[in-house]
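Notes to accompany the following structure.
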Amino acid sequence: DGQVQATLAEGATLLMGGSKVEGAGNYYAPTVLANVTDQMTSFKQELFGPVASIITARDADHAVALANDSEFGLTASVFTTDPEKARSIANQLETGGIFINAYSVSDPRVSFGGVKKSGFGRELSHFGVREFCNAQTVWLNRR
């Protein structure tokens, strides 16, 4: 809630939600913030909750620049009907996973993990299995 309230104080527009849900537990109303800029809290910080920040980009290059301006890099989604454009954008994004015409998903057949302040290492797939292994080196000097 503090991140949402800070973003609103910085000039964003509340389209819906923006408040805690009363009752037992820690629940937050699904929230949509518009007119968010790269100088606002919800752009600069990771929000873990039902909050969508709408950030307007001039074009695809500007969208990539905005996405890469983050200290975080878990996943990104690219939506387009042009497969070549999707690949081009995906190759420029600094994230651990890129989903084309889909939202972030978790599937045991593919690795999942982030870059930058979103961590390192992977879970799932053969990469993830290795994260839980302890390798041992045995060196025999034959001299």
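The values are calculated or read from the model by the stated rules, or taken from the named source; none is laboratory data. In this text the structure is predicted, and so the values were computed from the model without any measurement. Virtual Cβ from ideal backbone geometry, glycine too; neighbours counted across all protein chains shown.
Would you pick out the residues in region 121-143 that are of a type outside the set (A, V, I, L, M) and either under 17 Å from Thr75 (Cα atoms) or surrounded by 14 or more Cβ atoms within 10 Å (Cβ to Cβ) (or both)? Within region 121-143, Gly121, Arg122, Glu123, Ser125, Phe127, Gly128 qualify.
Note on region 1-46: residues that are closer than 22 Å to Ala76 by Cα and free of Cβ contacts under 8 Å to residues at least 12 places away in the same chain amount to 0. Residues that are out of contact with any Ser or Thr (no Cβ under 9 Å at 6 or more places or on another chain), farther than 27 Å from Met16 by Cα and among the acidic types (Asp, Glu) do not occur anywhere in region 65-81.
Restricting region 87-108 to residues that are loosely packed, with under 15 Cβ neighbours inside 10 Å and in contact with a Phe, Trp or Tyr (Cβ under 7 Å, 6 or more places away or on another chain), the residue that is modelled with the highest pLDDT is Asn101.
Taking region 1-118 as the region of interest, the helices (runs of 4 or more DSSP H) fully inside it that hold 2 or more residues being more than 30 Å from Glu131 (Cα to Cα) and among the charged types (D, E, K, R) are 83-92.
Can you find a residue in region 109-120 that is more than 14 Å from the chain's Cα centre (by Cα), modelled with pLDDT under 80 and either surrounded by 12 or more Cβ atoms within 10 Å (Cβ to Cβ) or among the acidic types (Asp, Glu) (or both)? The answer is yes, given that some residue of region 109-120 is more than 14 Å from the chain's Cα centre (by Cα), modelled with pLDDT under 80 and either surrounded by 12 or more Cβ atoms within 10 Å (Cβ to Cβ) or among the acidic types (Asp, Glu) (or both).
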